[in-house]
Amino acid sequence: MAELTNLESKLGEVVGLAMAAQEATKKVGALARAEKAQDLVEKLKQMQGESKEAEQRGKEIAAGLDGKTTAILSEAREVKQKAGEMMQDYLDESADALDGFEFLTMAEAGEVGHWEILGTMNERAGNPALREYVAWGLPIQKRHLEEVREGSLKLAAEEDPNEPAA
């Protein structure tokens with residue numbers, strides 16, 4: 001398998017996180033649906049679709065990097081697997097929608113950071129496709145972070161602070 005540059009490895013990480021985000025929004029969506037938080041479910045559906053688009057766009061860029069596609073996608077799958085394991089650890093059988101949104105807040109903050117790092121690395125590399133990808137995706141990731149943060153706070157405000165923890 002081809003050796004990746006730091007930039008190509010970071011692209012793989014971003015794609016892998018987009019893949020993981022699709023699973024996470026689906027899982028948290030089920031938790032929110034169980035609590036009849038339909039407004040949050042709708043936001044998660046939108047996020048899931050945008051994450052799928054981020055994955056597809058990233059894969060298209062990887063396909064344009066001669067001889068690197070397989071290695072970049074291998075990196076993406078590894079990151080997706082690690083993120084999935086973190087989600088399983090964090091969102092166990094007792095998890096509720098608030099737990100899910102707290103997890104997504106951490107995950108989305110990590111995604112924003114990865115997108116920013118990809119953009120910063122590309123400032124020196126000057127890849128126009130990556131520049132366009134980051135210009136498209138970073139604002140979306142920042143919005144995702146803000147939306148899950150707001151969802152967390154909304155759910156927290158509905159909690160009885162004096163009720164025993166589950």
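The values are calculated or read from the model by the stated rules, or taken from the named source; none is laboratory data. Please read all numbers here as calculations on a predicted model, not as lab measurements. Cβ placement follows ideal geometry from the backbone for every residue including glycine, while neighbour counts extend to all protein chains displayed.
What the table shows:
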| item | result |
| --- | --- |
| Residue that is within 13 Å of the chain's Cα centre (by Cα) and assigned to a helix (DSSP H, G or I), where the choices are 98, 104, 40, 73 | 104 |
| Cβ-Cβ under 6 Å pairs, at least 6 apart or on other chains, segment 141-166 side within 14 Å of residue 39 (Cα to Cα) and part of a helix (DSSP H, G or I), far side among the small types (Gly, Ala, Ser) and modelled with pLDDT of 95 or more | 155/97 |
| Residue within segment 121-131 that is assigned to a helix (DSSP H, G or I), among the charged types (D, E, K, R) and under 13 Å from the mean Cα position of the chain (by Cα) present | no |
